[in-house]
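> My questions will all concern the structure given below.
Readers should treat all values here as calculations from the given coordinates under stated rules, not as data from a laboratory. Keep in mind that what you see is a predicted model, and the values were worked out from it rather than measured. All Cβ positions, even for glycine, are placed from backbone atoms using ideal geometry, and neighbour counts span all protein chains on display.
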Amino acid sequence: MRLTTKGRFAVTAMIDLGLRSHSGPVTLSAISARQNISLSYLEQLFSKLRRHELVESVRGPGGGYMLARNPREITVADIVFAVDEPLDATGCGNKVPCTTGRDGRDHGTCMTHDLWSSLNAHMVDYLDSVSLQDLVDHQRLGPSEKSKLEERNIQFRSKFDSNRNLDTPLIFKGFGG
């Protein structure tokens, strides 16, 4: 399971737009040049972003695109879902029955369906917790500030890993415990 190009490019383009939102409308050709994303691909993405009221288009000379809402009110989940990006770790599209047993009989759901379904919920929750403003602010950090942030994240992971009893399995919230 991974985020496809469509979702990654949409988020990248929205960060670019957010970084320049103070200076008026931004053209797709400018985003295309800065981010090395095909102009026609951006046109498709921004059509969907506009339909979901995440961006507004300004016509005429000096036109382009602007954020339709405050970047604090736009989440990564909003962007990803606006461009029809599927976030599904189940492999079945969350449909039940999701698999047929090896012997050809329908067994309802696969043995790990609840695990992957729980992962889906956690992914959506996480993407919904990160605002476009968070990403814009992160891009504005200098290299030393970014490295401090990365170091803190690495230390957090190390602390989590060292405090975890390896004899105890990880239990996902809402699944198995």
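> Report, ordered by the first and then the second residue, all pairs with beta carbons closer than 8 Å, sequence separation of six or more or different chains, a first member in the stretch 125-138 that is without any contact (Cβ under 8 Å) to a residue 24 or more places away in the chain, and a second member that is of a type outside the set (A, V, I, L, M, F, W, C).
Short answer, once both residue conditions are applied: His138/Lys146.
> I'd like to know if the stretch 50-59 contains one or more residues that are in contact with a Phe, Trp or Tyr (Cβ under 9 Å, 6 or more places away or on another chain), polar (S, T, N, Q) and either in contact (Cβ under 8 Å) with a residue 40 or more places away in the chain or surrounded by 14 or more Cβ atoms within 10 Å (Cβ to Cβ) (or both).
Yes, the stretch 50-59 contains a residue that is in contact with a Phe, Trp or Tyr (Cβ under 9 Å, 6 or more places away or on another chain), polar (S, T, N, Q) and either in contact (Cβ under 8 Å) with a residue 40 or more places away in the chain or surrounded by 14 or more Cβ atoms within 10 Å (Cβ to Cβ) (or both).
> Which one is surrounded by the most Cβ atoms within 10 Å (Cβ to Cβ) among residues in the stretch 6-31 that are over 20 Å from the mean Cα position of the chain (by Cα) and of a type in the set (Gly, Ala, Ser)?
Step by step, filter the stretch 6-31, then rank; the result is Ser21.
> Do you know which residues across the stretch 1-20 are in a helix (DSSP H, G or I) and touching a residue at least 60 places away in the same chain (Cβ under 8 Å)?
Lys6, Gly7, Ala10, Val11, Met14, Ile15, Gly18, Leu19
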